[in-house]
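Trainee: The structure's right below; bear with me while I get my questions together.
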Amino acid sequence: MPGPRLLNKVTIVTGSSQGIGREICTQFHEEGAFIVCSDLRPSGQGEDVPTHELITQKGGKAIFVQTDVSKAEDWVSLIAKTVNEYGRLDILVNNAGICTEANNPQPIDEVDEAAFDAHLRINTRGVFLGCKYAIQQMKKQELDASGLRGRIVNFASMVANIGMAGLTGYTASKGAVAAMTKTIALDVAKQGIVANSISPGFTQTAMLDNALGGALSSARDAVLAALPRGRFGEVKDHARAAVYLASDDAAWVTGINLNVDGGLTAQ
Ligand SMILES: NC(=O)c1ccc[n+]([C@@H]2O[C@H](COP(=O)([O-])OP(=O)(O)OC[C@H]3O[C@@H](n4cnc5c(N)ncnc54)[C@H](O)[C@@H]3O)[C@@H](O)[C@H]2O)c1
């Protein structure tokens with residue numbers, strides 16, 4: 001039996017309170033990682049037990065640090081609290097994101113400029129700041145047995161590969177994440193840090209419920225029919241992909257965008 005794949009790896013997960021982020025925390029804990037949960041609030045939509053409490057109840061190590069990923073001062077504090085608690089930072093998973101446009105998709109000539117800016121601020125600037133401050137810490141650390149001192153997994157989206165009418169701000173923000181991740185990977189490759197992105201397809205979370213429950217609700221069957229694997233994604237599909245990218249199995253993988261979308265963008 002192979003052992004846990006992330007034993008004692010100190011991991012920050014943003015957007016940890018619900019959806020994909022909560023499942024990443026759970027799967028990383030099951031692989032032996034120590035978790036720093038970070039989100040606007042500890043409890044997510046429809047979740048009774050905060051993620052960090054769920055993990056500690058299972059005998060794992062986890063803390064919660066309130067963080068707005070779009071604020072540099074919050075990142076400085078998050079990294080400092082992580083190092084204070086666990087002594088280092090091995091893995092950063094930039095999962096937090098918004099897609100408020102899905103509730104009210106608008107064609108380009110009618111896009112609300114504040115909504116556009118909000119997607120860029122949280123989805124793109126949030127990932128940029130996380131990478132910047134995490135890498136400052138990772139560069140101070142010793143190399144591990146795989147020759148790495150840090151691993152980063154950024155969440156982009158299927159819309160980094162395909163257009164989606166009415167979602168200008170979201171698509172711009174996520175295309176930027178996939179593109180930026182390649183440059184970050186090159187910036188730090190020689191320093192023993194890897195950076196990759198995951199692009200989820202339609203996945204059953206509050207984000208998708210909000211989108212399909214709103215203006216897209218009439219499209220649910222059509223969306224499903226367009227998915228080659230014949231089902232919506234599950235949070236575990238992405239959490240396991242993140243485990244792979246953060247593990248020693250992917251020590252020589254850097255600068256990729258991994259599509260976890262049931263074949264949607266292979267068409
Ligand atoms: N669900 C999908 O179909 C889908 C598809 C493609 C990409 N994604 C991406 O996957 C990631 C997770 O999506 P999800 O479906 O779990 O979303 P979700 O809406 O269920 O959860 C997102 C989490 O991010 C947190 N968050 C939002 N703004 C934040 C901020 N400023 N600072 C800190 N935390 C913040 C929220 O509080 C929430 O807990 C997102 O980046 C999303 O864009 C999701």
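Trainee: Could you list, in sequence order, the residues of the range 103-147 that are part of a helix (DSSP H, G or I) and under 18 Å from VAL83 (Cα atoms)? Don't jump to the end; show me each part of the working.
Mentor: Step one: of the range 103-147, the residues part of a helix (DSSP H, G or I) are 103, 108-110, 113-138.
Answer for the range 103-147, where residues must be part of a helix (DSSP H, G or I) and under 18 Å from VAL83 (Cα atoms): LEU129, GLY130, CYS131, LYS132, TYR133, ALA134, ILE135, GLN136, GLN137, MET138.
Trainee: Output the residues belonging to the range 192-211 that are over 18 Å from HIS238 (Cβ atoms) and either near the ligand (Cβ under 9 Å from one of its atoms) or out of contact with any strand residue (DSSP E or B) (no Cβ under 8 Å at 6 or more places or on another chain) (or both).
Mentor: Answer for the range 192-211, where residues must be over 18 Å from HIS238 (Cβ atoms) and either near the ligand (Cβ under 9 Å from one of its atoms) or out of contact with any strand residue (DSSP E or B) (no Cβ under 8 Å at 6 or more places or on another chain) (or both): there is none.
Trainee: Going by what's in this entry, would VAL93 be described as in contact (Cβ under 8 Å) with a residue 24 or more places away in the chain and either over 30 Å from PHE202 (Cβ atoms) or touching a Pro at 6+ places or on another chain (Cβ under 8 Å) (or both)?
Mentor: Details: in contact (Cβ under 8 Å) with a residue 24 or more places away in the chain: yes; either over 30 Å from PHE202 (Cβ atoms) or touching a Pro at 6+ places or on another chain (Cβ under 8 Å) (or both): no.
Judged against the criteria, VAL93 is not a match.
Trainee: Filter the range 26-44 down to the residues that are hydroxyl-bearing (Ser, Thr, Tyr) and assigned to a strand (DSSP E or B) and list them by number.
Mentor: Within the range 26-44, the first condition is being hydroxyl-bearing (Ser, Thr, Tyr), and the residues that meet it are 26, 38, 43.
Of everything in the range 26-44, just one residue is hydroxyl-bearing (Ser, Thr, Tyr) and assigned to a strand (DSSP E or B), namely SER38.
Trainee: Let me ask another. Just to check your reading of the model, which residue among SER17, SER70, SER43 is in contact (Cβ under 8 Å) with a residue 40 or more places away in the chain and farther than 20 Å from ASP90 by Cβ?
Mentor: Details: SER17 fails: in contact (Cβ under 8 Å) with a residue 40 or more places away in the chain; SER43 fails: in contact (Cβ under 8 Å) with a residue 40 or more places away in the chain.
The match here is SER70.
Trainee: Can you tell me how many residues in the range 27-44 are open to solvent by 30 Å² or more (accessible area, probe 1.4 Å), among the hydrophobic types (A, V, I, L, M, F, W, C) and more than 13 Å from the ligand (Cβ to nearest atom)?
Mentor: 1
Trainee: What do you reckon, is VAL111 in contact with a helix residue (DSSP H, G or I) (Cβ under 8 Å, 6 or more places away or on another chain), in contact (Cβ under 8 Å) with a residue 12 or more places away in the chain and within 14 Å of the ligand (Cβ to nearest atom)?
Mentor: No: the conditions fail for VAL111.
Trainee: Restricting to the range 101-150, name every residue that is hydroxyl-bearing (Ser, Thr, Tyr) and under 15 Å from the mean Cα position of the chain (by Cα). First the steps, then the outcome.
Mentor: Going through the range 101-150, the residues hydroxyl-bearing (Ser, Thr, Tyr) turn out to be 124, 133, 146.
THR124 - this is the single residue of the range 101-150 that is hydroxyl-bearing (Ser, Thr, Tyr) and under 15 Å from the mean Cα position of the chain (by Cα).
Trainee: Next question, about the same structure. Can you pull out the residues in the range 59-88 that are more than 10 Å from the ligand (Cβ to nearest atom) and part of a loop (DSSP other than H, G, I, E, B)?
Mentor: GLY59, GLY60, LYS61, GLY87, ARG88
Trainee: Next question. Just wondering, is there one or more residues in the range 59-70 that are at positive phi and in contact with a helix residue (DSSP H, G or I) (Cβ under 8 Å, 6 or more places away or on another chain)? Break it down stepwise before answering.
Mentor: Residues of the range 59-70 at positive phi: 59.
Retained after the next criterion (residues that are in contact with a helix residue (DSSP H, G or I) (Cβ under 8 Å, 6 or more places away or on another chain)): none.
No, because not a single residue in the range 59-70 is at positive phi and in contact with a helix residue (DSSP H, G or I) (Cβ under 8 Å, 6 or more places away or on another chain).
Trainee: Checking the condition open to solvent by 10 Å² or more (accessible area, probe 1.4 Å), assigned to a helix (DSSP H, G or I), within 16 Å of the ligand (Cβ to nearest atom) and not aliphatic (A, V, I, L, M), which residue from GLU47, GLU23 passes? Don't jump to the end; show me each part of the working.
Mentor: Working: GLU47 fails: assigned to a helix (DSSP H, G or I).
Residue meeting the stated conditions: GLU23.
Trainee: Please enumerate the residues belonging to the range 227-249 that are in contact (Cβ under 8 Å) with a residue 40 or more places away in the chain and either over 16 Å from PHE155 (Cβ atoms) or in contact with a Pro (Cβ under 8 Å, 6 or more places away or on another chain) (or both).
Mentor: Listed by number, the residues that qualify are HIS238, SER247, ASP248, ASP249.
Trainee: Now, a different point. Looking only at the range 104-125, which residues are among the polar types (S, T, N, Q) and farther than 24 Å from PRO42 by Cα?
Mentor: ASN104, GLN106, listed by residue number.
Trainee: Among the residues of the range 3-19, is any modelled with pLDDT under 95 and either under 26 Å from LEU212 (Cβ atoms) or open to solvent by 30 Å² or more (accessible area, probe 1.4 Å) (or both)? Full working, then the answer.
Mentor: Initial filter on the range 3-19 (modelled with pLDDT under 95): 3.
Those left that are additionally either under 26 Å from LEU212 (Cβ atoms) or open to solvent by 30 Å² or more (accessible area, probe 1.4 Å) (or both): 3.
Yes, the range 3-19 contains a residue that is modelled with pLDDT under 95 and either under 26 Å from LEU212 (Cβ atoms) or open to solvent by 30 Å² or more (accessible area, probe 1.4 Å) (or both).
The values are calculated or read from the model by the stated rules, or taken from the named source; none is laboratory data. Since the structure is predicted, the reported quantities are computational estimates derived from the model, not experimental observations. Here the Cβ is made from the backbone with ideal geometry for all residues, glycine too, and neighbour counts use every protein chain on show. Side chains are part of the model used for accessible areas, which takes the heavy atoms of the whole protein and leaves out ligands, DNA and RNA. Shrake-Rupley method; radii C 1.70, N 1.55, O 1.52, S 1.80 Å.
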